[in-house]
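Structure record follows, encoded as structure tokens.
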Amino acid sequence: MIDYFSQHQDYLFYALAGICLLVELTLLGISGPLLFVALGSLLTGIFISLGLVHAFSVAIVLVAGLSVSSAALLWGPLKKLQNKEVGPETSSDMVGKVLIVTAR
């Protein structure tokens, strides 16, 4: 397994992105930082697949840089999306209403 990931570093970063997203979806308490690490890992894997990055040390620095920059760019919009105001309840269900039923 180690030999495989040393020869195919892009798959290592894809796997890291998948694991981060899986943990993100199962453990909702830490739902901020892992999303950005997953995004940085995914983009780094894409850069390695395209041949833009060759050294593993550069890839690690790239994951860190992309994670921090994506957090800086997306934190505000994601916070707004999460804290969006919900309008009043306008459903037409019958909960709480009393109906008079007569027998025929």
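Condition check for Gly51 on (1) farther than 19 Å from Ser69 by Cα; (2) assigned to a helix (DSSP H, G or I); (3) among the small types (Gly, Ala, Ser): one failure, at (2).
Okay, residues lined up against (1) among the acidic types (Asp, Glu); (2) at pLDDT below 90; (3) more than 13 Å from the chain's Cα centre (by Cα):
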site	(1), (2), (3)
Phe5	no, yes, yes
Tyr14	no, no, yes
Leu25	no, yes, no
Leu28	no, yes, no
Gly32	no, yes, no
Val37	no, no, no
Leu42	no, no, no
Gly45	no, no, yes
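Take the residues in the range 72-104 that are of a type in the set (D, E, K, R) and under 30 Å from Ser41 (Cβ atoms), then tell me which one is surrounded by the most Cβ atoms within 10 Å (Cβ to Cβ). Looking at the filtered set, the residue picked out is Lys79. Among the residues of the range 4-33, those that are of a type in the set (S, T, N, Q) and in a helix (DSSP H, G or I) comprise Ser6, Gln7, Gln9, Thr26.
Can we say Ser69 is within 13 Å of Gln9 (Cα to Cα), of a type in the set (Ser, Thr, Tyr) and surrounded by 11 or more Cβ atoms within 10 Å (Cβ to Cβ)? Here the answer is no, as Ser69 does not meet what is asked.
With respect to the conditions (1) more than 19 Å from the chain's Cα centre (by Cα); (2) in a helix (DSSP H, G or I); (3) β-branched (Val, Ile, Thr), Val86 lacks only one, and its number is (2). Candidates Phe47, Phe56, Phe5, Phe13: the one that is touching a residue at least 40 places away in the same chain (Cβ under 8 Å) and either out of contact with any Ser or Thr (no Cβ under 7 Å at 6 or more places or on another chain) or of a type in the set (A, V, I, L, M) (or both) is Phe56.
The values are calculated or read from the model by the stated rules, or taken from the named source; none is laboratory data. These figures come from a predicted structure and were not determined experimentally. Glycine gets a Cβ as well: all are built from the backbone with ideal geometry, and neighbour counts include every protein chain shown.
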